[in-house]
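Okay, structure first, notes after.
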Amino acid sequence: MYLCYPARDCMHHGGRLLAFAGILGVGLFLAIFFMLPRPDQIQISYFPKVHLPEASTRLIPLVLGDDSVTMTFVGDIMLARSVERAIVEHGTSWPFVNLGNLFEGSDLVIGNLEGTVRDVRNLEVVNQMVFDTTPDNVQMLAATGFTHLSLANNHTDDYGAQVTLDTRQVVIDNGMTPFGDPNKSQNFIVRENINGRSLSIIGFHAFGEELSEILEAIEAEDAQGRFVIVYPHWGPEYVVTAPDSETELAMAFINAGADLIVGSHPHVIQNIEVIDGVPVIYSLGNFLFDQDFSANTMRGLTVQVEITNKTIELDFTPVSIINGQTSLMSDVEALGVCNEFSLPNCYLSVARE
């Protein structure tokens, strides 16, 4: 046992020990911090490759209607961390005040809500990986024009099953329709009938759900002659070209009966292709986020989709995100982004078989 006398000598030695321990603690924290990978270096493993038998050639059902149906899809929406701090500083209208008439003419406006909703304002720090916001921010989404929000992602259960249920209810209370789930999206399919056309919107969380259950759900909706939209949360983050395994999964959706696939989760814009007459948008990137560590994560696409009896028309609009605020790009910037992803004039027309 170490003894010291008089008492002031004990205090002197104790203070030196506390100072040494503090310096050691700070050094250890800095060492761990600088050893961590940057967000753009993180690769998340995801679903294994799927090898399913190819279906016979399928005719996309022509759900006849007198008029077309127009929907706008956007990318990942996060209302926590620095985004919520910007809202607190500038007001609830801040994030989307520069969107103009982006959603004008759309029957549905659909986005992916990353996070939970509670009455308690958390104001998480930037590198905190749980996202939580408040009901007034969800009300702002409704006021902006959103009609449908996907909950099929890896953050809507950040605070447990009950908070996921509460989040779903807040979306409903604000006049919007939630669909999908972190674990059981087949139980939360949304069916809409617009202008005489029957639509089904199916979420899929690739990191928390059984693929077979979603394929069965797609087949069941397709068997009823509905236009089936699959909105998967899938793929590796920060990769601008979807891997082959993701294409195989898209083909599985199409073979089961999907008519349109619009993906989320990678946080960057990914390639767009047409498989057997079905548009596949692997990722629209971010629509509102605070991932300012790269240019790719601070931009995204929105797409207005018009369904007619003969075609699916896709009109893309690039956006940029600065300080928790989403804005339309200039014409020159927008065309540059679209050309980067082989979308001349930001437009794509797909003939329906």
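The values are calculated or read from the model by the stated rules, or taken from the named source; none is laboratory data. Quick caveat, the model's predicted, so the values are computed rather than measured. So basically every Cβ, Gly included, is an ideal-geometry build from the backbone, and we count neighbours across all protein chains shown.
Being buried (at least 23 other Cβ atoms within 10 Å of the Cβ) and over 20 Å from Leu151 (Cβ atoms) is the requirement here; does Gly263 meet it? Answer is no for this residue. Considering each residue of region 292-302 in turn, none proves to be closer than 19 Å to Pro243 by Cβ, in the same structural domain as Phe207 (by TED's automatic domain parsing), among the β-branched types (Val, Ile, Thr) and under 11 Å from the mean Cα position of the chain (by Cα).
Against the conditions (1) farther than 16 Å from Asn137 by Cβ; (2) aliphatic (A, V, I, L, M); (3) crowded, with 18+ Cβ neighbours inside 10 Å, Ile194 satisfies every one except (3).
Within region 325-340, is even one residue in a strand (DSSP E or B), closer than 28 Å to Arg85 by Cα and of a type in the set (Val, Ile, Thr)? Yes, region 325-340 has at least one match.
The residue that is nearest to Gly235 (Cα to Cα), counting only those in region 279-294 that are of a type in the set (A, V, I, L, M, F, W, C) and modelled with pLDDT under 95, is Phe289. Figure legend. Inter-residue proximity from region 68-80: first residues at negative phi and modelled with pLDDT under 95, second residues assigned to a loop (DSSP other than H, G, I, E, B) and surrounded by fewer than 23 Cβ atoms within 10 Å (Cβ to Cβ), beta-carbon distance below 6 Å, spacing 6+ or different chains. Indicated pairs: Ser68/Thr308; Ala80/Glu124. Take the conditions at pLDDT 95 or above, closer than 19 Å to Leu314 by Cβ and either outside any strand (DSSP E or B) or not assigned by TED's automatic domain parsing to the domain that holds His148 (or both) and apply them to Ala252. Does it pass? In short, no.
Has region 175-195 got any residue that is out of contact with any Ser or Thr (no Cβ under 7 Å at 6 or more places or on another chain), of a type outside the set (Ser, Thr, Tyr) and over 26 Å from Asp222 (Cα atoms)? Among the residues of region 175-195, at least one is out of contact with any Ser or Thr (no Cβ under 7 Å at 6 or more places or on another chain), of a type outside the set (Ser, Thr, Tyr) and over 26 Å from Asp222 (Cα atoms), which makes the answer yes. With respect to the conditions (1) more than 22 Å from Ile312 (Cβ to Cβ); (2) without any contact (Cβ under 8 Å) to a residue 12 or more places away in the chain; (3) outside any helix (DSSP H, G or I), Pro182 falls short on a single one, namely (2).
Tell me, yes or no, whether region 157-174 has at least one residue that is under 17 Å from the mean Cα position of the chain (by Cα), in the same structural domain as Asn309 (by TED's automatic domain parsing), aliphatic (A, V, I, L, M) and not in a helix (DSSP H, G or I). Within region 157-174, none of the residues are under 17 Å from the mean Cα position of the chain (by Cα), in the same structural domain as Asn309 (by TED's automatic domain parsing), aliphatic (A, V, I, L, M) and not in a helix (DSSP H, G or I).
A residue that is hydrophobic (A, V, I, L, M, F, W, C), part of a helix (DSSP H, G or I) and assigned by TED's automatic domain parsing to the domain that holds Leu108 can be found somewhere in region 202-212.
Being buried (at least 18 other Cβ atoms within 10 Å of the Cβ) and either farther than 20 Å from Asp290 by Cα or of a type in the set (A, V, I, L, M) (or both) holds for only one residue in Val97, Val130, Val171, Val88, and it is Val171.
Take region 253-291 and flag every residue that is among the acidic types (Asp, Glu), touching a strand residue (DSSP E or B) at 6+ places or on another chain (Cβ under 9 Å) and in contact (Cβ under 8 Å) with a residue 40 or more places away in the chain. Listed by number, the residues that qualify are Asp259, Asp290.
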